[in-house]
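Student: Would you mind keeping the following structure in view while I ask a few things?
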Amino acid sequence: MLPPSIEVRYISANSIRKMFNESQYPTLIANGKLIPKFVRNSHLKEPQRIGEPHCTHAQLIRYFDKNSQWAVEVFQYLCPDKTIGASGKPDPKRVRIGNTVYTVDIQIRK
């Protein structure tokens, strides 16, 4: 049996944030129900340029469910006090719902 095909839809950053915030993903992440894998976790060289404190890390995190299937990918600035910088929330870049992957289209404004 072939795996189901995946459809990719490109949407605006605001649309994907709304979709993410209205989904179960923020709660699952907060409760440790999704497994994080760091795609990127790097120390910012000049965090003051973006208004973040020294020792802030830029992180791209892909979260997986208990079946090892990726669910969502977010970007965030992790501050030294372990809070999330900028908006204070993870910024979703890709969200998987069923067999559809929603991803940010940088050419779509808002």
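Student: In a shell of Cβ-Cβ distance under 13 Å around T100, excluding T100 itself, what net charge do Lys and Arg (+1) and Asp and Glu (-1) give? Mind dumping the intermediate values first?
Tutor: Values: positive: R9, R94, R96; negative: E7.
Surrounding charge for T100 is +2.
Student: To continue, here is another question. Rounded to the nearest 500, what is the chain's calculated 222 nm mean residue ellipticity when only DSSP H runs of at least 4 contribute -39500 (n - 2.57) each, over all residues? Don't skip to the end; give the middle numbers.
Tutor: Numbers: 2 runs with 15 residues, N = 110.
So the calculated ellipticity at 222 nm is -3500 deg cm²/dmol.
Student: A further question on this structure: I want to check the label-to-label distance for A13 and D105. Put each point 7 Å from Cα in the C-beta direction and report it in nm to one decimal.
Tutor: Going by the 7 Å Cα→Cβ label model, 1.6 nm.
Student: Related question: Which percent of Cα-Cα pairs in the chain sits in each 10 Å bin, short to long?
Tutor: Percent of Cα pairs in each bin: 14, 41, 33, 10, 1, 0.
Student: Ok, one more. State, as an integer percentage, the relative contact order of the chain based on alpha-carbon contacts under 8 Å between residues 6 or more apart. Each step should come with its number before you reach the end.
Tutor: Details: 196 pairs, mean separation 36.5, N = 110.
The normalised contact order for the chain reaches 33 percent.
Student: Say the cut-off is 20 Å between C-alpha atoms; which of K37/K66; K66/K89; K18/K45; K45/K93; K18/K82; K45/K89 go over it?
Tutor: Numbers: K37/K66 13 Å; K66/K89 23 Å; K18/K45 31 Å; K45/K93 23 Å; K18/K82 24 Å; K45/K89 22 Å.
As for pairs spanning more than 20 Å Cα to Cα, those are K66/K89; K18/K45; K45/K93; K18/K82; K45/K89.
Student: Using the crude model of +1 on Lys and Arg Cβ and -1 on Asp and Glu Cβ, and no other charge, please compute the dipole size for the chain relative to its Cα centre, in debye to 20.
Tutor: Working: 17 positive and 9 negative charges, 15 e Å.
Charge dipole, the chain, about its Cα centre: 80 debye, nearest 20.
Student: Students often check this: by mean Cβ neighbours within 10 Å, which of 47-53, 5-11, 92-98, 17-23 ranks highest, and how do the rest follow?
Tutor: Details: 47-53: 13.1, 5-11: 11.1, 92-98: 17.4, 17-23: 14.9.
Answer by packing, highest mean first, reads 92-98, 17-23, 47-53, 5-11.
Read-outs throughout are calculated quantities, based only on the coordinates presented, and are distinct from any laboratory measurement. Nothing here was measured: the structure is a model prediction, and the numbers come from that model. Every residue, glycine as well, gets a Cβ built from its backbone with ideal geometry; the counts of neighbours run over all protein chains shown.
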